[in-house]
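The values are calculated or read from the model by the stated rules, or taken from the named source; none is laboratory data. Because the structure is a prediction, the values reported are computed rather than measured. With ideal geometry, Cβ positions are generated from the backbone for all residues, glycine too; neighbour counts draw on all protein chains shown. What goes into the accessible areas is simple: the full protein's heavy atoms, side chains included, and nothing from ligands, DNA or RNA. Shrake-Rupley method; radii C 1.70, N 1.55, O 1.52, S 1.80 Å.
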Amino acid sequence: MTTMDRRGALSSRVLAAALVVCLAALLPYASTLNNYFVRDDFGVVELLASKPASYFPRWFYTPWTDRIWGDIADEVRPFMAVSYQITALGGAASPFLHHAMNVALHAATGLLVLLMARWLAGLSLTSSVFAATVFVLLPVQAETVAWITGRVDSMPALFYIAAFVAYARWREKGATDSRLYVGSLALFFAALFTKQTTITMVATLVAWDVLLSNRPARPTWSWVRPYVPFVLMTMAYMWLRYVLFGQVAREGQLNSEGLHYFFVLIERHLARVVTGNVNAGAVVTWGVLAATTVLGWWLARHRIAGERRRLARVVLFFGPLWWAIGVLPIAVAGYESPRHVYLASAGWAIVLGVVFDLAWTGAIGVARRRAVLAVASAVVIFYSTGLYKEVTTWNTLAKVSRKVLLDTRAEALSAPPGSLIVIGAPKLSWEWAMPFPLKPPYTRVDLTTRVFLISPWLLHCCRNQWVDDTRRILQTWQDQHTGAPVIVLRWDGDTGALSRITDREYPALRSLVPVLLQVRSRDALSAAVLKIVDDLPVPTGR
């Protein structure tokens, strides 16, 4: 075989490998492409779709979500914001392009994991494909990909990994190709201005150099110099955050209670990534990790000393170090979300790729290789099954969300003007959504101008304003439209089946309005509204 033939064969193998990873990333999420908006999607898409292209520079010094949540968010994310402008070009009320970009970002990140495994971890092409396939099929990724707003973690992860790969390749080439270094800086800049969690890049680069680039830490300018632009960019970004928001990275949450919650989250997130089930428990999770470590050690025992040391460093970097750096920002997140470990999960996929590589290259004979393939296939099937369940859940949430909007729109347009409608939408579908779904671009007319709409606290976009907004709506209805009907709507969270009741069937509804107006505290008012939705004898409607 000539050199050209060998290059052509290698190129074909690489293309085939990329195709496998892309298909593994795309196929499980094909059913989500037409899923309707859920939760935060309504407010984010409505706001950003309405901004002109010329607005982009302003996002470098103003919050990307403006005041849609009532308060000013400490989030400077211009590249994230412009991505929603782009995907809104297909129509602000159409979810297709939004989902298509999410899936494309996921596939692109999967290809970067393939490159990390192949170029940086030194795995064979087959093992690298296995690692990247595991990454895109992890059930923990479902929220990041299937939920439009989940893009806030996949997009920064893409820039982060791309910046890291470019830097590591620059090192491997003897720091001679300045284009890779400049490209890494540019990608890091994009990562910073996509999400603040990417400020950990310097730690990742230093750890890589010390462990795998044969650059022991030294207090010399030549050793420090490559990191200086990254450090300066990070410091400038943090200074900007301090100027704009009075804090660098939500450091106010770094108290004893917050740190305790952080360690609880770490255990839960580890279970999500490793076992695909947040409720797997510490024993099962650590058991899987221990078994993986022992298997890797046993498989590596016949390797030469130098190769064993490098493999150990690869596992150390992509295992505990990559995980620790990836989850560190969760300490100031303040809440739990599976998408927060999207970046960190890449390390687990590569560790599994290392174990597969040891088994595959050490297997002698057809029978042993078949056994390795069988185990690898079982891992892929296990994660695929978990992912299917998660994606199915998101499909259900979107289906119910669409049903809630259609039913509410029909009710608001057919009810007498001035009617008071209580929206009991399932929290998992409409949390943080109200009142955006009931206004353009999701409806042709602003339904809030025709009828009075209230909802439980958790469904409202602006938690700090909910009490005042709800009391104002109730007071206005009582003063000006007391003759109009009161309607309660409730949907089943699994099927979207609507239940409906009015004050005609249940006259006591009208007397509840003055009672609600007497409630002062947020918790009591929220409980009272929920009681109306959950406890009334609501008959089955349309």
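Label Arg522 and Ala508 with points 7 Å out from Cα along Cα→Cβ: what is the distance between them in nm? Once both label points are built, they end up 2.9 nm from each other.
Heavy-atom accessible surface of segment 326-481, averaged per residue, reaches 41 Å², computed with a 1.4 Å probe.
Quick check: from the Cα gyration tensor, does segment 57-187 come out rounded (a/c under 1.5), prolate or oblate?
Oblate, since a/c reaches 1.5 and b/c is not below a/b.
The label point for Arg218 and the one for Tyr242, both projected 7 Å from the Cα toward the Cβ, are 3.2 nm apart.
Here Lys531 and Asp494 are evaluated by their C-beta separation; at R0 = 25 Å the FRET efficiency comes out at 0.70.
Its Kirkwood hydrodynamic radius, worked out from the mean inverse distance over all distinct Cα pairs, puts segment 128-243 at 15.5 Å.
Using a probe radius of 1.4 Å on heavy atoms only, what accessible surface per residue do you get for segment 43-92? Whole Å² is fine.
Per-residue value: 40 Å².
Temperature 25 °C, viscosity 0.890 mPa s: under these conditions the Stokes-Einstein estimate for segment 261-310, based on its Kirkwood radius over C-alpha pairs, is 199 µm² per second.
The C-alpha atoms of segment 172-326 occupy a region whose extents along the principal axes are 49, 44, 26 Å, arranged from largest to smallest.
What's the FRET efficiency of Leu295 with Ala73 using the Cβ-Cβ distance as r and R₀ = 45 Å, to the nearest 0.05? With R0 = 45 Å, the Cβ-Cβ based efficiency is 0.50.
Straightening the chain between Gln465 and Ala207 buys 88.3 nm, computed as 0.36 nm per residue apart minus the Cα-Cα spacing.
Checking every one of the trypsin sites (Lys or Arg not before Pro) in segment 173-237 against DSSP loop status and a limit of 16 other Cβ atoms within 10 Å picks out Lys173.
Each of Ser521, Cys462, Ile501 was scored by the projection of its Cα onto the charge dipole of segment 446-527, and the greatest displacement toward the positive side belongs to Ser521; charges sit on the C-beta of Lys, Arg, Asp and Glu.
Past the 21 Å Cα-Cα mark, which pairs from Lys51/Lys427; Lys51/Lys399; Lys399/Lys427; Lys439/Lys531; Lys403/Lys427; Lys51/Lys403? In this structure, Lys51/Lys427; Lys51/Lys399; Lys439/Lys531; Lys51/Lys403 exceed 21 Å between Cα atoms. Compute the separation of the alpha-carbon centres of segment 280-345 and segment 354-431 and state it in Å as a whole number. So the separation of the two Cα centres works out to 25 Å. Annotation for Ile304 and Ala30: the two label points, set 7 Å from Cα along the Cα-Cβ direction, are 4.7 nm apart. Taking only protein heavy atoms and a 1.4 Å probe, the accessible area of segment 89-131 is 75% carbon and sulfur. The mean sequence separation of alpha-carbon pairs under 8 Å and at least six residues apart, normalised by the residue count of the chain, gives a relative contact order of 17 percent.
Surface calculation, 1.4 Å probe, protein heavy atoms: Arg13 sits at approximately 130 Å² accessible. Ligands, DNA and RNA are left out, and with a 1.4 angstrom probe the accessible area of segment 119-266 is 39 Å² per residue.
Counting protein heavy atoms only, segment 375-465 has 63 percent of its accessible area on carbon and sulfur, 1.4 angstrom probe. Ordered from highest to lowest accessible area with the whole protein assembly present and a 1.4 Å probe, Phe135, Phe452 read as Phe452, Phe135. For Phe159, the accessible area of its heavy atoms, probed at 1.4 Å with every protein chain present, is near 40 square angstrom.
Ligands, DNA and RNA aside, Ser178 has an accessible area near 70 Å² when probed at 1.4 Å. Fully extending the segment from Val14 to Leu413, taken as 0.36 nm per residue of separation minus the present Cα-Cα distance, adds 138.0 nm. Placing a label point 7 Å from the Cα of Glu251 along the Cα-to-Cβ line, the residues of segment 327-345 whose backbone N sits under 18 Å from it are 328-334. Of the options (1) 45, 29, 18; (2) 48, 26, 21; (3) 41, 28, 22, only one is semi-axes √(5λ) of the Cα gyration tensor in Å as computed from these coordinates, and that is (2). Here Thr62 and Leu458 are evaluated by their C-beta separation; at R0 = 41 Å the FRET efficiency comes out at 0.90. Semi-axes of the equivalent ellipsoid for segment 254-402, computed as √(5λ) from the eigenvalues of its C-alpha gyration tensor and ordered from largest down, come to 31, 22, 12 Å. On the accessible surface of segment 240-353, probed at 1.4 Å, how many percent belong to carbon and sulfur atoms? Its accessible area is 67 percent carbon and sulfur atoms.
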